[in-house]
1. With just the Cα atoms defining each centre, how far is segment 70-87 from segment 247-282? Give it in Å.
2. Return one number: the angle in degrees, 0 to 90 and rounded to the nearest 10, between the long axis of the Cα atoms of helix 66-96 and the longest principal axis of the Cα atoms of the chain.
3. Taking 7 Å along the Cα-to-C-beta vector as the label spot, tell me the residue 154-residue 33 distance in nanometres, rounded to one decimal.
4. How big is the charge dipole of the chain about its Cα centre, in debye rounded to the nearest 20, if each Lys and Arg gets +1 on its Cβ and each Asp and Glu gets -1 on its Cβ?
5. So what J values fall out for segment 247-259 if you push phi through Karplus, 6.51 cos²θ - 1.76 cosθ + 1.60 with θ = phi - 60°, rounded to Hz, Gly and Pro as x?
6. What residues qualify as long-range amide H neighbours of residue 38, i.e. H under 5 Å apart, gap of 5 or more or another chain, H built at 1.01 Å from N?
7. Ranked from highest to lowest mean number of other Cβ atoms within 10 Å per residue, what is the order of the peptides 43-49, 230-236, 65-71?
8. Taking the Cα-to-Cβ direction at residue 22 and at residue 104 and moving 7 Å from each Cα, how far apart do the two end points lie in nm?
Amino acid sequence: MRQSLKRQVPYHLMLLPGVVILLIFSYGPMVGMVMAFQKFNPVLGFFRSPWVGFDNFVYVSLLPDTLQVLWNTVFIAFWKIVIGFGFPIVVALFMNELQNMAFKRTVQTIVYLPHFLSWVILGGIMIDILSPSTGIVNTAMKAVGMKPVFFLALPDVFPWTLIVSDVWKEFGFTTVIYLAALTGIDPALYEAAKIDGAGRWRCMLNVTLPSILPTIVLMGVLSLGNVLNAGFEQVFNLYSPVVYSSGDILDTFVYRLGLLDAQYGVAAVVGLFKSAVSFVFIVVSYRLAYKLANYSIF
């Protein structure tokens, strides 16, 4: 027992900085949830601010924007998950068929690169390339006789701009995960399939796809936990008041209520609601991951 504990001490010491950071930045701020039941005053603090019970919850439920913001969040997050889930699978399958390794690595690097850029940088890039007057996208559209589209100022277009740009930024990361799973397929399966007369297309459908199905199921199930995460950084850097009706999400709603309007208790209610719903989805997703993909964190 003592020898086993002695061997484990270095590993626990390696985990210690991460645990401390987790406690400070993830569990420490949970104390602020008491603001949802207070008329919070920064001068008085958590312990002397007057308690108002569920008045903040009632106030949020009566706000005219609450349901629209909730719908925007679910709509944007849902389509990000759906498109962002399927597109990397298709890309990984076709990249796996490339025979030129130099070209394959180049493509892999290009699609993976946007993942490392923050939305502060990409937001400026998107604003430039989507400009209705000088942007490269609208310039190309005008060249073929189409009318320019103000992608960032039309309420009907803005959510899809968020969805497509987010998929473009993140699909390379998920593609690499699937490519890693593809390297574990036994080459003998392809040889057996070719002996039976299967071409490359049939090998892809009957060997490649079934072989990475557990990884696909796992990635799909775990993505359920992000059903209310529509992407604060992306929306904050791209939206404007003219698209609040379709682009305002729970995170930006909390930002405006709490930091701009100083309604701390009301903002805490919205944040608490999102956290509670996300917690339920995360629990459900991990249970499904265990049942469908035999994935467990223990």
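Only the coordinates and a few stated rules stand behind these numbers; no lab work does. It should be emphasised that the depicted structure is a prediction, and the values quoted were computed from it without experimental measurement. Using ideal geometry, Cβ is built from the backbone for each residue, glycine included, and neighbour counts are taken over all protein chains shown.
1. First find each Cα centre; the distance between them is then 19 Å.
2. Around 20 degrees separate the two axes.
3. 4.3 nm
4. So the dipole magnitude of the chain works out to roughly 720 debye.
5. x, 6, 10, 4, 5, 6, 5, 4, 4, 6, 5, x, 8
6. For residue 38, whose amide H was placed from the backbone, the distant partners under 5 Å are 52.
7. Going by the mean number of other Cβ atoms within 10 Å, highest first, we get 230-236, 65-71, 43-49.
8. In this crude spin-label approximation the distance works out to 3.6 nm.
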